[in-house]
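To keep things clear, I will list the structure first and then write my remarks on it.
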Amino acid sequence: MAQSSFLIVGVDGQIGDALWRYLKDGDGTYVTYGTSRRREHLADEMWFADLGVVGSSGAIPDAIAGWARDATFERKVAFLAAAVTGFDRCEGDPSGSRAVNVDAVRVLSSLFARHGVFTVLLSSSAVFDPHTASPLEDASPSPVSEYGRQKSQAEYMLLDALRSSPASGHAIVRLTKVVSAKQPLWSTWLNALREGQTIEAAEDLLLSPLSIRYVVESLLEIAHVRRPGTYHLSGESLTSYHEIATQLAVGLGYARSRVVPVRTSARTGVPLARAAALLGMAGTLVDIGIAPQPLANVISALCEPSPT
Ligand SMILES: NC(=O)c1ccc[n+]([C@@H]2O[C@H](COP(=O)([O-])OP(=O)(O)OC[C@H]3O[C@@H](n4cnc5c(N)ncnc54)[C@H](OP(=O)(O)O)[C@@H]3O)[C@@H](O)[C@H]2O)c1
């Protein structure tokens, strides 16, 4: 039987790392390779790639080019998971971040399109103006931040690369906010609750959270179905940090009163561009069979002793 292969471009990030571990712990159906820009972290089946260099010079590392050309594999899927993800980092260094977030996507997706690789681009709800209520998959992007503009342009680059080789296929996957017990905010709150402390959480900051497992399994389902298109991964509703923290406390068996509501947005002046977003998923549900993630599932994942 001809083998299939995955390439994860960016195995050190939150999602790339989870995808890498999930596949490496799996049944080996897919031969999985990854890229990293941390030479000291390179392991077997992992190659060095600095996407800033790829984007600014157009030079593709030999290992990636060789994988794309490799005819041994009947089906190949590349996940573009590396990016400069911070709003501030994109605002502060627009050209450097653009080389990674936009130019490298153009270079790699052109290569993958030429060689029949199905390419999955991880994008963001930041491609929409936060005032847009639950935009659906076919809504026109309307970014209001440098990060959102770059993600929107990356989507365009992928589509443009595929115009000459439409048979190779692509998926643009826009996500809301991924939360995990490994992140500092959630691990601090979880530890404090477990130690009997009271925590403060904002009642005026909203998010539509996703668990990392939901994201990983959804990405793999999209890659498995291999139906070209734009997909959304979102929670079911917008929820305050206070409500989520309260449900966490209850989920761990503690009193709701252990979470004190505070108002922070007036104090911190959270810019509009970073306001929470909720994405509509009607098309993703019909085409792939993936529904929005219920908050209860996210809470359970955060409460797990050893989250993935
Ligand atoms: N997590 C979310 O809530 C969320 C929400 C919406 C969309 N997304 C999208 O999902 C994707 C993955 O997000 P994430 O949360 O996993 O991001 P992340 O944790 O910030 O990781 C991004 C990765 O990109 C790598 N990277 C940055 N510059 C690079 C360069 N020049 N060359 C090679 N690698 C480089 C980083 O490498 P180093 O580790 O070496 O710095 C890091 O490992 C991104 O496209 C993001 O826009 C994520």
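For Asp103, Asp44, Asp160, the ranking by accessible surface with the largest value first comes to Asp44, Asp160, Asp103, using a 1.4 Å probe. Dipole of segment 49-102 computed with +1 at Lys/Arg Cβ and -1 at Asp/Glu Cβ about the Cα centre; of Ile60, Val84, Ala99, farthest Cα towards the positive end is Ile60. Counting only aspartates and glutamates at least 8 places from Lys177 when in the same chain, those with an alpha carbon closer than 13 Å to its own are Glu236. Rounded to the nearest 20 debye, the dipole magnitude of the chain is 120 debye, with +1 charges on Lys and Arg beta carbons, -1 on Asp and Glu beta carbons, and the Cα centre as origin. Each of His115, Gln150, Gln293 was scored by the projection of its Cα onto the charge dipole of the chain, and the greatest displacement toward the positive side belongs to Gln150; charges sit on the C-beta of Lys, Arg, Asp and Glu.
Solvent-accessible area of Met157, all protein chains in place: 40 Å² (probe radius 1.4 Å, heavy atoms, ligands and nucleic acids excluded).
The accessible-area ordering, largest first, of the residues Thr188, Thr32 stands as Thr188, Thr32, per a 1.4 angstrom probe.
Secondary-structure-derived ellipticity at 222 nm for the chain, considering helices only, amounts to -11000 deg cm²/dmol, per-run term -39500 (n - 2.57) for DSSP H runs with n ≥ 4. Residues Lys151, Lys177, Lys24, sorted by accessible area with the largest first, give Lys177, Lys24, Lys151 [1.4 Å probe; ligands and nucleic acids excluded]. Ranking Gly26, Ile15, Ser5 by Cα position along the charge dipole of segment 1-59, where only Lys, Arg, Asp and Glu carry charges on their C-beta atoms, puts Ile15 farthest toward the positive end.
Roughly how big is segment 153-308's charge dipole about its Cα centre, with Cβ charges of +1 (Lys, Arg) and -1 (Asp, Glu), in debye to the nearest 20?
Details: 13 positive and 12 negative charges, 34 e Å.
With Lys and Arg at +1 and Asp and Glu at -1, about 160 debye.
Listed by chain and number, the lysines whose alpha-carbon sits under 23 Å from that of Lys76, ignoring those within fewer than 8 places in the same chain, are Lys24.
The values are calculated or read from the model by the stated rules, or taken from the named source; none is laboratory data. Everything numeric in this text was worked out from a predicted model, so none of it was measured. Here the Cβ is made from the backbone with ideal geometry for all residues, glycine too, and neighbour counts use every protein chain on show. Heads up: the accessible areas ignore ligands, DNA and RNA and are worked out on the full protein's heavy atoms, side chains in. Shrake-Rupley method; radii C 1.70, N 1.55, O 1.52, S 1.80 Å.
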